[in-house]
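Student: Have a look at this one.
Nothing in this text is a laboratory measurement; each read-out follows from the coordinates by a stated rule. Note that the structure is predicted; figures quoted are calculated from it, not measured. Don't worry about glycine lacking a Cβ; one is built from the backbone with ideal geometry, like all the others, and counts go over all protein chains shown.
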Amino acid sequence: MNTPSSITINGITLTGPQAPRQNEVLTADVLSFLATLHREFGPRVEALDAVDGASDEALGEAGDVAASWHALIEKQLSEPPCTFITPRGLARQEGRILFEGQPLSAGIVDFGLHVYRNARTLMADGRAPFISLLGLESEGELQLWQDLFIRAEELAGLPDGTIRAIHLGPGEPDLDDDEDGDASSAAVLTGGGRRMSAAA
């Protein structure tokens, strides 16, 4: 069951070990969504890395690869879905999900999976998909995230401003999974062409 495999769907090649219920998470539609985000934003991620001097993080030991792949899948199957996620950095590569032989940004994978799979469920419950953006390096990275929000909303057919992010300032504590999205000392970033604004 944990034997590494390789399968290509909608231009995305999955090379991770098989995990239970993996096909429920990595559907053809989800992979097409991720492929589109990668095609449109991958070059900007690479350019941002070059400017900021960011570096990719290794996947780790073979045993860690299987465990982290299972964790990635299991996180997406949690019910009800979490309001907040903290995606891995845009500079980090998800070496188990490839597009034309190139690994996708781990940040784009985490973000894309959460939005595509959970946004409508969260909205139906009166909540919103919040993305916790930790360790932003530059204004360019912030702009890239905002553009990702806007494009993901367009691709998924979501209303403008559906996707929101919490950006913690230096030294501020991590947010808990607060269902109403309140964060007194954080800032909120939304899609739909809006910029940073103070949270209530």
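Student: What nm value, rounded to one decimal, do you get for the distance between Q102 and S6 when each label is placed 7 Å out toward the C-beta?
Tutor: Label-label distance for Q102 and S6, simple model: 1.9 nm.
Student: Here's a follow-up. Report, by chain and number, residues whose modeled amide H sits under 5 Å from the one on L133, excluding near sequence neighbours (fewer than 5 apart, same chain).
Tutor: Amide H to amide H, under 5 Å and 5 or more residues apart or across chains, L133 pairs with I166, H167, L168.
Student: Quick check on the exposure proxy: order V45, V30, V25 from fewest to most C-beta atoms within 10 angstrom. Don't skip to the answer; put the middle values down first.
Tutor: Numbers: V45 23, V30 19, V25 16.
Ascending number of Cβ neighbours within 10 Å: V25, V30, V45.
Student: Right, something else. From the phi angles alone, apply the Karplus equation (6.51, -1.76, 1.60; θ = phi - 60°) to the range 67-77 and give each ³J(HN,Hα) in whole Hz, x where the residue is Gly or Pro.
Tutor: 5, 6, 5, 4, 5, 4, 5, 4, 4, 6, 9
Student: Please list, ordered by chain and number, the residues whose modelled amide H lies under 5 Å from the amide H of R88; skip anything fewer than 5 residues away on the same chain.
Tutor: D110
Student: While we're on this one: If packing is taken as the average number of other Cβ atoms within 10 Å across a peptide's residues, how do 108-117, 90-99, 132-141, 34-43 rank, most packed first?
Tutor: Details: 108-117: 23.5, 90-99: 21.6, 132-141: 15.4, 34-43: 18.7.
Result, highest mean Cβ count within 10 Å first: 108-117, 90-99, 34-43, 132-141.
Student: Can you run phi through the Karplus equation (6.51, -1.76, 1.60; θ = phi - 60°) for the range 130-143 and list ³J(HN,Hα) in whole Hz, with x for Gly and Pro?
Tutor: 9, 10, 8, 9, 9, x, 4, 8, 7, 4, x, 5, 4, 5
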